[in-house]
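The values are calculated or read from the model by the stated rules, or taken from the named source; none is laboratory data. Since we're looking at a predicted model, the values are computed, not measured. Note that each Cβ is placed from the backbone with ideal geometry, even for glycine, and that neighbours are counted across all protein chains shown. The accessibility values were calculated without ligands, DNA or RNA, using every heavy atom of the protein model including side chains. Shrake-Rupley method; radii C 1.70, N 1.55, O 1.52, S 1.80 Å.
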Amino acid sequence: MEVVEACEKANRSLSLPYTLSSKMVIKPDQLIKRRGKQGLVVIGNMSEIKEAFGKMQEGEREIEGVRGSLDTFIVETFVEHKPEQEFYVAIMSKRDHDVILFSCHGGVDVGDVNENCQMLEVPVDIENSMVPEISLIASLLHGVDEKLVVKLGWFIDELYRAYKSYHFTYLEINPLVMNDTGIYILDLAAKVDQTASFLCKTKWMSRYNEPIEFPAPFGLAMSTEEKFISSLDDVTGASLKLTILNRKGRIWTMVAGGGASVVYADAICELGGVAELANYGEYSGDPSLEEIRNYASTILSLMTEGEPHPDGKLLFIGGSIANFTNVGETFQGIIQAIESFALKLQAHNISIYVRRGGPNHKEGLRKIKDAGKRLDLPIFVYGPETPLTAIVGAGLKGDDLPEDVQDNHSNFVVSADGSISCKHAKQQSLEELEELNDDTVSTYMNNISSASSLKSFAGTASEAEVAAKSFTLNEKTTAVVWGQQQKAIQGMLDFDWACGRATPSVAASTYPYSDNTMNKFYFGQEEKFLPSYRSMKEAFDETNATVLVCFASYRSAYEVVKEALEEIPQLQLVAIIAEGVPERLTRHLIKIADTKRITIVGPATVGGIKPGCFKIGNTGGMIDNILASNRNSDGVYEGVAIGGDRYPGSTFKEHVARYILDENVKIIVLLGESGGLDEYEVIKMMSKLKVKKPIIAWCIGTCAKYIKKEISFGHAGSGAASQRETAMAKNEAFNKAGFKVPKAFDGLGQLIYTIQEEHIQNKLLYGSMPHLQNSALLSSDSSDAENEDFEQIANPRPVPVLTALSPPMHQQISNSSSAIPQRFDATPQGKPSSLRNPPKYVEKSIEEEKKCIKAGGDRTKLANLKRCLDEYRQERAAIEHALQSGGNHQQHITTDDQTVRGYSMNQQQSVQKFAPPTYNAVVQKFAPPSDDGFRFFFWGGGFFEKFRRLFFE
């Protein structure tokens, strides 16, 4: 619409004093900073405004390195005023308070607002009222004419009330003009909390009582394709995001998971591909087959438009190990899209690199690989055994990768010629092992349960003690789950059983829209009926649980958690899974929790895990994911995803403080992201401690340095509001503080391994190893179903395991009175462990699942059971082959009527099969991957043995 017509319409409807002779102002409204200095503010009469409008909207232009079109403008009357009548006002939100800034000198030359402004902090209170006294507001107005103080104070008070009511997160007025005729806002920039849209539907309205349409930032006007994906995202419970960076670029991504999408963008930029990076986006939350087909088709359509690129194009279909997203189903949607674009993909010379893990990932990877062969397309397929972003190096630089998809869920592979190979770590050298005498082994075994060598924190960890909240997760911790989440509850129980817990970690569930009832679950082979209560308080009163796992939606999570914090006296820990809880409400929950010394994990968290003790909801995914998760350390003591929202309920500092004070934790791994300043609080705290534990730290989002457009990364929309909040600045600060920082995300796993090895070598080779076995993992990843953290470094239980020992070492351990800890398992005494028993339970379960599927049930569990059965048979064949291949040693060690057999085939290769679990097993020494030896991994604490017995015997 023409500017004149727009102004005339406003004049007619609101009786505004617009006339063709009035002095007016026109400026673009597209989040452009410093418009006045860039010649984008024009003052004149209506004809001059019309001329300026025509010039500014013509074609594309570049502003501060970003190209785009000007298409949204503000036209308003010009307010005559003097420079001394210009003021500056800003309000911004922090974690535990709001900040009001005021300066009596406004305008384009306001300067450094932190230096030149008066500041008032308004703390978050228990009542969530946050009403500053008028006297405090008046204290801001230093230097203002006394005649203006009352009126200006009233304006700031009303402005702050509106700021809270409309869920602003940032608001800046510069200049604010106050003269004899009134108060005028000449320029304003503001941000609202988009997650509060369901609360502000009737408030966020235009002067015409129409919903406000927020203009896209300059250079980021949504294309047709982006609008289509956004429309899909609006109506699905999953997450679908797409931002086009360069339609003519040759590097495209289709990545599952908010965190993984950022990591892939980082990797592409670090390898010099930023100029050709065509898009940023992610899908997660288990989208339907139709949704993922539409998403994939949109990207393939963009890739194949126009003339073919002379160098061809690359598509990276990546992702970490999914927690609950059905990889087989989502890949079926991708395959259907590829089939429909097959001819165009060939014509444009497009190579596709795939890397994925998670539920039914083998089925999905196999199908997409078969599709490549059938359609004659170059599709290179890799599973979770391949590092997360290794396919980026393969595509951009031609790095070598394994030829075929590997299966890292079983330790031995029987090849076609009958030989045995192993994909895991290098066998420890016999020379090293033979250097250990009886005293060394005895010392080591006696030290398994001893205290840490880092004992004294007295007088050095006061800040850590203040920061750390007191909650513990152990083998007796129990939780109440809010919501109808049978799959998540069953996953928690499966983890409990596999870890050897005597009782389930879920005591009950609660849901206010159902009657009190009993729900059936399985605890191993045993049926368990867990109560479900309508009243949450009744659920906690009856069970005395100390943890709430809250699956309430973003609309109701605040009320549910607030009730729990106020009504449950024994509550220690709350996990808020929902993403999108309004920030102002989250801050109030944090205030209540801090007052009561209760820890909140989330919002927007996948949860946390403490091997042998407790798993929150879907953390780590399915059991086989966790079993396959070992990479670069000998165990994770605890892992926490603090959440992807701007104000997580608990911070990095709080959890690092707990790990500093916990003598069982020896190495801390911190994985942050762009946005927020929590990482700096950890740096500040660690600088004050005399006793330090190594912290390995990295922040994802380094790609923001190279990408000029403003993008909200991940599905939770992380982004830096200042230079200090960028990932690059945080990683640099980690380096300066003495933290261990990899050169890129790809180096994180190797760095973890290297640091562990350095600390082991600096002490007695085995005597001090128990003190170094446990690492703690902190991640800011959000509640999306993808979690690479456990794939990077997790081990199902932080217990060392001895592998590939020579026969003399077996004999040394068996002769040591302290070497064999007490057995902790439910196996009847005297029954030898054996792989020869038929897997009756799995076969029976498969038959039951087939019946369920006929009745309309989910196929996921059936596929997993079949996979487990195949892997069991493969493992059994490998062991029998080893036994029949003529090993020259056999050792027997008796432990509480259980036989542990070690088979040594020769002096360079040995296979050891441990018998039933003990909480303190024996020790495991990791080494870098190699082809010159192989070992059978026994999962610490009886994890794998329990799992095997559960399903196979």
Would you please list the contacts, defined by Cβ atoms under 9 Å and residues six or more apart or on different chains, that run from a residue in the stretch 290-308 that is within 10 Å of Glu225 (Cα to Cα) and free of Cβ contacts under 8 Å to residues at least 60 places away in the same chain to a residue that is open to solvent by 30 Å² or more (accessible area, probe 1.4 Å) and part of a helix (DSSP H, G or I)? Ile299/Glu225
Close pairs (6 angstrom Cβ cut-off, 6 or more residues apart or separate chains): touching a residue at least 40 places away in the same chain (Cβ under 8 Å) in the stretch 677-688, open to solvent by 10 Å² or more (accessible area, probe 1.4 Å) and part of a helix (DSSP H, G or I) anywhere: Ile683/Ala733; Met685/Glu463; Met685/Lys653; Lys688/Glu463
Which count do you get for residues in the stretch 583-598 that are within 23 Å of Phe168 (Cα to Cα), β-branched (Val, Ile, Thr) and over 21 Å from the mean Cα position of the chain (by Cα)? 1
Report, by residue number, each residue of the stretch 642-697 that is open to solvent by 10 Å² or more (accessible area, probe 1.4 Å), closer than 19 Å to Arg597 by Cβ and within 15 Å of the chain's Cα centre (by Cα). Tyr647, Thr651
When the stretch 745-763 is examined, which residues are found to be among the polar types (S, T, N, Q) and surrounded by fewer than 20 Cβ atoms within 10 Å (Cβ to Cβ)? Gln750, Thr754, Gln761, Asn762
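Looking only at the stretch 311-351, count every residue that is small (Gly, Ala, Ser) and under 19 Å from the mean Cα position of the chain (by Cα) and tell me the total. Write out each step before concluding.
Restricting attention to the stretch 311-351, the residues satisfying the condition of being small (Gly, Ala, Ser) are 312, 318-320, 322, 328, 333, 337, 340, 342, 347, 351.
Narrowing the set further to residues that are under 19 Å from the mean Cα position of the chain (by Cα) leaves 318-320, 322.
Looking only at that region, the number is 4.
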Taking the stretch 500-544 only, how many residues are under 19 Å from Pro611 (Cα atoms) and of a type in the set (A, V, I, L, M, F, W, C)? 4
Within the stretch 177-198, of all residues that are open to solvent by less than 70 Å² (accessible area, probe 1.4 Å) and among the acidic types (Asp, Glu), the one farthest from Val581 (Cα to Cα) is Asp187
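With respect to Trp482, determine if the residue is at pLDDT 90 or above and open to solvent by 50 Å² or more (accessible area, probe 1.4 Å). It would help to see each step written out before you state the result.
Numbers: at pLDDT 90 or above: yes; open to solvent by 50 Å² or more (accessible area, probe 1.4 Å): no.
Criteria not met by Trp482.
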Mind counting the residues in the stretch 649-707 that are farther than 18 Å from Phe471 by Cα and of a type in the set (Phe, Trp, Tyr)? 3
Right, Glu291: farther than 22 Å from Ala394 by Cβ, in contact with a Leu (Cβ under 7 Å, 6 or more places away or on another chain) and not aromatic (Phe, Trp, Tyr) or not? yes
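Looking only at strands (runs of 3 or more DSSP E) that fall completely inside the stretch 43-111, which ones have 3 or more residues that are under 17 Å from Leu186 (Cβ atoms), touching a residue at least 40 places away in the same chain (Cβ under 8 Å) and out of contact with any helix residue (DSSP H, G or I) (no Cβ under 8 Å at 6 or more places or on another chain)?
On the way: elements: 61-63, 66-68, 73-77, 86-93, 97-103.
Output list reads 73-77.
Among Ile568, Ile626, which is among the hydrophobic types (A, V, I, L, M, F, W, C) and either surrounded by 23 or more Cβ atoms within 10 Å (Cβ to Cβ) or touching a Cys at 6+ places or on another chain (Cβ under 7 Å) (or both)?
Values: Ile568 fails: either surrounded by 23 or more Cβ atoms within 10 Å (Cβ to Cβ) or touching a Cys at 6+ places or on another chain (Cβ under 7 Å) (or both).
Only one candidate qualifies: Ile626.
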Report, by residue number, each residue of the stretch 640-672 that is in contact with a strand residue (DSSP E or B) (Cβ under 9 Å, 6 or more places away or on another chain) and over 23 Å from Leu589 (Cα atoms). Tyr659, Ile660, Asp662, Asn664, Val665, Lys666, Ile667, Ile668, Val669, Leu670, Leu671
Within the stretch 674-695, residues modelled with pLDDT of 90 or more and charged (D, E, K, R) come out as Asp678, Glu679, Glu681, Lys684
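Has the stretch 696-708 got any residue that is among the polar types (S, T, N, Q) and at pLDDT below 90? Steps first, please.
As a first pass, look at the stretch 696-708 and keep what is among the polar types (S, T, N, Q): 702.
Now narrow it down to the ones that are at pLDDT below 90: none.
Taking every residue of the stretch 696-708 in turn, none turns out to be among the polar types (S, T, N, Q) and at pLDDT below 90.
Rundown of residues vs (1) open to solvent by less than 30 Å² (accessible area, probe 1.4 Å); (2) touching a Gly at 6+ places or on another chain (Cβ under 7 Å), yes/no style:
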{"position": "Val124", "(1), (2)": "yes, no"}
{"position": "Ser129", "(1), (2)": "no, no"}
{"position": "Ser135", "(1), (2)": "no, no"}
{"position": "Leu141", "(1), (2)": "yes, yes"}
{"position": "Asp157", "(1), (2)": "yes, no"}
{"position": "Lys164", "(1), (2)": "no, no"}
{"position": "Phe168", "(1), (2)": "no, no"}
Since Tyr554 meets every condition but one in (1) farther than 16 Å from Asp645 by Cα; (2) in a loop (DSSP other than H, G, I, E, B), which condition does it not meet? (1)
